[in-house]
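The values are calculated or read from the model by the stated rules, or taken from the named source; none is laboratory data. Keep in mind that this is a model prediction, so the values were computed, not measured. Cβ placement follows ideal geometry from the backbone for every residue including glycine, while neighbour counts extend to all protein chains displayed. Accessible surface areas use protein heavy atoms only, side chains included; no ligands, DNA or RNA. Shrake-Rupley method; radii C 1.70, N 1.55, O 1.52, S 1.80 Å.
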Amino acid sequence: VVNSDITMVKMLIRNLVQNALHHTRGKIAILLNENFIDIVDEGQGLSQEQQNRLLQDTQIAGLDGLGLYIVRLLSERVNWPLSIVKTDANGTILRLDFRLSRVTATLV
């Protein structure tokens, strides 16, 4: 059971997984914890522009970044802070922290 809007949560997780699949050279993993979800890929890491789009930039700088922009908007909307745990030449770990969410729904 998670506390959030189930439709938006599904969209958020689907977008994160699709982005990881699109940019990885290898496997992806989804690690679920009682407080957060980590999406792990084996890609080349996020550029500074991609990191900005995920975490702070309010402007869409082209269609190639639209997915990351949507992820950020959805994470804000469901009140699941998004953070970059790691990003380097060996891959990226993105974390959604769901301890702050407010509206109750069941994630299936």
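The set of residues in the range 1-27 being surrounded by fewer than 16 Cβ atoms within 10 Å (Cβ to Cβ), of a type in the set (Val, Ile, Thr) and under 12 Å from the mean Cα position of the chain (by Cα) consists of 17 alone. Residues of the range 58-80 that are out of contact with any helix residue (DSSP H, G or I) (no Cβ under 6 Å at 6 or more places or on another chain), assigned to a helix (DSSP H, G or I) and at pLDDT below 75: 63, 64, 66.
Of everything in the range 28-57 that is free of Cβ contacts under 8 Å to residues at least 40 places away in the same chain and part of a loop (DSSP other than H, G, I, E, B), the residue that is surrounded by the fewest Cβ atoms within 10 Å (Cβ to Cβ) is 34. Output yes when any residue across the range 5-13 is in contact (Cβ under 8 Å) with a residue 40 or more places away in the chain and in a strand (DSSP E or B), and no when none is. So far as the range 5-13 goes, no, none of its residues is in contact (Cβ under 8 Å) with a residue 40 or more places away in the chain and in a strand (DSSP E or B).
Test residue 95 against the criterion of being modelled with pLDDT of 90 or more and open to solvent by 60 Å² or more (accessible area, probe 1.4 Å), and give yes or no. Yes, satisfied.
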